[in-house]
Amino acid sequence: MTTERTYSISRSSKTSLVAAVVGLLVLVGLAAAPLWAGRADMRLLSEVFLYLSLACLWNLLAGYAGLVSVGQQAFVGFGGYMLFALAIFAGMSPLAAIPLAGLLGALVAVPVALLIFRLRGAYFAIGTWVIAEVFRLSFAQISALGGGSGTSLPVALVKSIASSRSMREATTYWMALGMAVLVLVVIYALLRSRNGLALTAIRDSELASQSFGIDIWRHKFAVYLITAGLTAMTGALIFLQKLRISPDAAFSVNDWTAFVIFIVVIGGIGTLEGPILGVIVFFLLRETLADLGSTYLLILGAVAIVVMLKAPKGLWGMLKEHTGLELFPLSRRVVKDKT
Amino acid sequence: MADAVLSTRSLEACYGDFQALFGVSIDVYPEEVIAIIGANGAGKTTLMRSITGLLTNQPQMVTWKGRSIGALRADQIARLGIAMVPEGRQLFQSLSVEENLIIGGQVGRSGAWSLEKVYDLFPVLKERRNVPATSLSGGQQQMVSIGRALMSNPDILLFDEISLGLAPIIIKSIYEALPTIIGEGMSAIIVEQDIAKAVSVSSRVYCLQEGRVSLEGRPQDLTRDAISAAYFGV
Amino acid sequence: MDWVNAIVQGVLLGGLYALFAAGLSLIFGVMRLVNIAHGDFIVLAAFLGLTITTTLGLSPLVALALVVPVMAAIGYVLQRGILNRTLGDDILPPLMVTFGLSVIIQNGLLEIYSADPQKMSAGALETASLSLPGGLNVGVLPILMFAVAVAVIAGLQWIFYHSSLGRAFRAVSDKQDIAQLMGLNKAHIFGLAMALSLAVVGIAGVFLGIRTSFDPSIGPGRLIFGFEAVIIGGLGNLWGTLIGGIILGVSQNIGAQINPGWQLLAGHIAFLFVLAVRPRGLFPRID
C-alpha cells in the first residue's frame, strides 16, 4: 500500500508573511511621520528613502542584470536638471515634472545603452562613468541653467507645491517615501515576472541562459532603461529637496554612485533585502562617524573591501546563510501538500 | 619490488558539491608505464588534475618519492618532475611553437631533453617553429604538447587522452614514438578510452568506474570480460 | 598657426595619456583585471614624487629613480595581498575592491596633503623650448615626456613579446591552469604584472606632477583618460594605445581651441565616436 503525497511549488513562507505584515505597519508608521517626527528627522528620513531607492536600482542593475555601472550619477543629475528645466522654462509644477523627468531619463538612456553596451564587464563600468562626465560637462555649458555654477528653483514654483512650509515639507517627505515604495514594488514585480526568472538565469550563468533561448541583450537593455527612468525620478526628487542644482553636485560620483555601491555591497548584492539592510547600516555609520570627514570615507572604503573579500554576499547574505530567512518571497520552494 | 615513485592513497576529489573520486589508490613504480582506462566521466581527468595539483587535496593523498605532495600548488609539483600532456593539447595560443616548447623548459630541471632533441624527435616542428602554435594541425599540436612536457625533463609523464580527436594514422605514429618519449628512468601514466591501445604499451592497468578503481592488474592476467565488466559496470 | 600649435601640443599630451593607459592595458591583458584605482595611483605617485623632491631636494626626474621602484613594490604587495583573492569568473569583486581602494587613496592623500593643488618644479627644463620652423615653439619638457612615453611603450612591447617574463604573461593570460603546469606561479606572475603596471604609473604620476598642478581628487579623471586611450587604440595593442592617447590629446586641444569649456568634452566625444563606429577600437588584438 502506498500513500500518495502531492507536492506543489510555493514562494511564500511564514516569515515572508510576517515580514509583509510588519512591513505594512512600518510603512503606515513612516507615512504618519509628519505627525510625530521633527523637521530634521523628516529630512534625514527623506534622504534615507531616496538612497534606498538608488541602492535598490543599482542592485537591480548590477546584482541581477550583471550591468555594473559606476555612472548612475548621469541619471540622477539628468533627472534633477530636467526638473529644473521643466520648471524654469515651461513653468511646470514640480509634481508633474518629476514623472516627466523619469520618462526623459529612460528616453536618453536609449542612445546611451546602444553605445556603452558595446563594452563588456569592467570596461562597461568605466564607460558609464564617461557618459556621466559627458552629461556633467554638457550641462555646465548651458548658461540658461546657470552653467558651471548652477541655479536655484524659483521661489514661486516652490510655493506652488503647497502654501505652508510644513505642508511643503510633508509633501516632499511623502514623495520620497512614495519613490522608495514605487521602486521596491516595481523591482519586486519585475523579479516575480517571467522576465525576472530570465534575469536570475542570466545572473547565474549567461552562457547557459543563452542556450535556453533567452535574449540576454534585450533583457539587459530593458532593465537599463527602467533603472535609468526611476533613477532620474529619484534624482529629480533629490534636487527638489535641495532646491539648488549645479553640475558638480548633480553628477557627483561619490554621492550618487560610491555611497550607493557601498550600501549594496555591505547589505548584500543580488538580494532585495540587502539594500534595505545596507541603507540602515550606512546611515548609522554616517550619523556616528560623519564628523571624522575624510577618515569616515577611508573607513567606508576599507569596510567595503573587507566585506567583498570576507563576505561577498554582504550582511544579508550572511544572515540568510545562517537562518534561511527571506523577507521577499522570490525563490520557489517545494512544499508538501496537506491531505 | 622497489617502492612506488608516485602513489595516491584514498584520494577523494570534489567539484563543489559533486564528488568525482572516491578513495582512489594507485601506484606507479620506477620506469613503469601504467594505463588508466574508463568510460567518459569515470574520473580519469579528475585523477590527473589531482596528481598535478590543479585540484588541491589533503597532503597525504598524493605521495611522490615518499614525500606528501597532495597540498602543493601545481607549479611546485611541476618543478618536482611531474609533467602532463593535457587532454585537448591545451597549447598557448599567443605563443609560437618554439615559445610553447621553451616555456615547458622554464621549470628549470636539467636532463637529456632540449629544444634540439625535441626538434630531432618531431622535425616538422622545427620547420614551423615561428608560427602560432594553434595554427598547426591536430597531430602537430599534440607533438608540441608532448614536446612541451618533455622540455621540463620530467621523471614521470602523464598523458591525458592522448588519442582523443586525432586521426588513426596520427594515433598510430604517436604510439610508435612512445618508447622514445618515455625514455630511460622515466615512468608514465597513460589515460585512454581505447582499451586495446592502452593495454599494448602498459605493464599494469587500472580501470576507473564512477570515481572508484573497479579493476587493476597486469594486462595478461585480465580477461576481456573482466575488463568490460569493470569498464561499463555490467 | 594656433591650430597647428594646438595639434602639436595635443600629440605631445597624448604621450602622457598613453603612459596613463599603458599600465591599465597591461594588467587587463594579463589577468583581465580593471583597476578602478589606477588614476588614484597616478596621483599617489605624483605626491610621492613631491615628497621626495621637497624633502631630499632632488629634481623630479631624479626622484623617478625612487618613485618607480616604490610604486612597483606597492603593486606587487597589493596584488599578492589583496587583488589575487578577487580574481575569478565574477567581475564584481575586483571592481568593488579597486573602487574601495580608490576611495581610500583619495581620502588618505586628502588627510596627509590637504586638498590644495600642488606642483613639482623641474627647474630650467620647464621653460626651455625649441623653435621649430614656422614660428612654432615647443617646450623641451613635453618633447622629453613624449619620447619617454614612446620608449616605455617600446620597452613594454619588448618585454611582452621577447622576454621570458612576457612569455609567462602571455601563457598565464591564455590558460591559467596549464601555465601552472609549466611551473609558473600564477600569484607571482600576477604580482609582477601589477608591479610593472604601477612602475609605469610611477613615471606617469611624476610627469603629471611636473606638467600640471594636481590634488587628491583628480585620479578618476586620469583613469578615464587612460581608459579612453586604451579603447580608442584597441584592447591589447600597446602601440594602438599610444595612438589612442594621441587622438585623445589632439581632440582635447582642438576642443579647447574652439571653446575652453569644450576641452574635456571634445576628448570624450572623440572616444564615443570611435566606440560608435569601431566598437573594438582602431587596432584591436584581444577578443
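Quick notes on this structure:
Results for (1) over 21 Å from residue C:38 (Cα atoms); (2) within 12 Å of chain A (Cβ to nearest Cβ); (3) among the β-branched types (Val, Ile, Thr); (4) in a helix (DSSP H, G or I), shown as yes or no for each residue.
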position	(1), (2), (3), (4)
C:225	no, yes, no, yes
C:244	no, no, no, yes
C:250	yes, no, yes, yes
C:255	yes, yes, no, yes
C:261	yes, yes, no, yes
C:269	yes, yes, yes, yes
C:273	yes, yes, no, yes
C:280	yes, yes, no, no
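- When the residues of region C:88-100 are filtered to those that are more than 18 Å from residue C:23 (Cα to Cα) and more than 7 Å from chain A (Cβ to nearest Cβ), the one that is surrounded by the most Cβ atoms within 10 Å (Cβ to Cβ) is C:90.
- When region A:148-170 is limited to residues that are surrounded by 15 or more Cβ atoms within 10 Å (Cβ to Cβ) and either among the charged types (D, E, K, R) or free of Cβ contacts under 8 Å to residues at least 60 places away in the same chain (or both), the one that is nearest to the other protein chains (Cβ to nearest Cβ) turns out to be A:169.
- Reported count of residues in region B:57-95, each being over 19 Å from residue B:181 (Cβ atoms), surrounded by 19 or more Cβ atoms within 10 Å (Cβ to Cβ) and more than 10 Å from every other protein chain (Cβ to nearest Cβ), is 8.
- Residues (more than 17 Å from the chain's Cα centre (by Cα) and either closer than 23 Å to residue B:67 by Cα or among the aliphatic types (A, V, I, L, M) (or both)) located in region B:15-42: B:20, B:21, B:22, B:23
- Test: residue in region A:82-94 that is within 10 Å of chain C (Cβ to nearest Cβ) and modelled with pLDDT of 90 or more: no
- Subset of region A:294-339 that is at pLDDT 80 or above and in a loop (DSSP other than H, G, I, E, B) - its residue that is most open to solvent (accessible area, probe 1.4 Å): A:313
Yes or no, residue by residue, for (1) over 24 Å from residue C:175 (Cα atoms); (2) more than 14 Å from every other protein chain (Cβ to nearest Cβ):
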residue	(1), (2)
B:97	no, no
B:104	no, no
B:108	no, no
B:116	yes, yes
B:131	no, yes
B:136	no, yes
B:139	no, yes
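- For region C:151-210, a residue qualifies if it is among the β-branched types (Val, Ile, Thr) and farther than 30 Å from residue B:85 by Cβ, and the qualifying residues are C:152, C:153, C:200, C:201, C:203, C:206, C:210.
- Exclusive hit being at pLDDT below 90 and at the interface with chain C (Cβ under 8 Å from one of its Cβ atoms), set A:122, A:140: A:122
- Only one of the numbered conditions (1) closer than 26 Å to residue B:74 by Cβ; (2) in a helix (DSSP H, G or I); (3) open to solvent by less than 20 Å² (accessible area, probe 1.4 Å) is not met by residue B:141, and that is (3).
- Test result for residue B:223, open to solvent by 20 Å² or more (accessible area, probe 1.4 Å), free of Cβ contacts under 8 Å to residues at least 40 places away in the same chain and either of a type in the set (Val, Ile, Thr) or touching a Leu at 6+ places or on another chain (Cβ under 7 Å) (or both): yes
- Qualifying positions in region C:112-157 - under 20 Å from the mean Cα position of the chain (by Cα) and at pLDDT below 85: none
- Residue within region A:242-249 that is hydroxyl-bearing (Ser, Thr, Tyr), in contact with a Gly (Cβ under 7 Å, 6 or more places away or on another chain) and either touching a residue at least 24 places away in the same chain (Cβ under 8 Å) or open to solvent by less than 20 Å² (accessible area, probe 1.4 Å) (or both) present: yes
The values are calculated or read from the model by the stated rules, or taken from the named source; none is laboratory data. All figures in this text were calculated on a predicted structure; none of them were measured in a lab. Glycine also receives a Cβ, built like all others from the backbone with ideal geometry; neighbour counts cover every protein chain displayed. Calculation scope for accessible area: heavy atoms of the full protein, side chains included, ligands and nucleic acids excluded. Shrake-Rupley method; radii C 1.70, N 1.55, O 1.52, S 1.80 Å.
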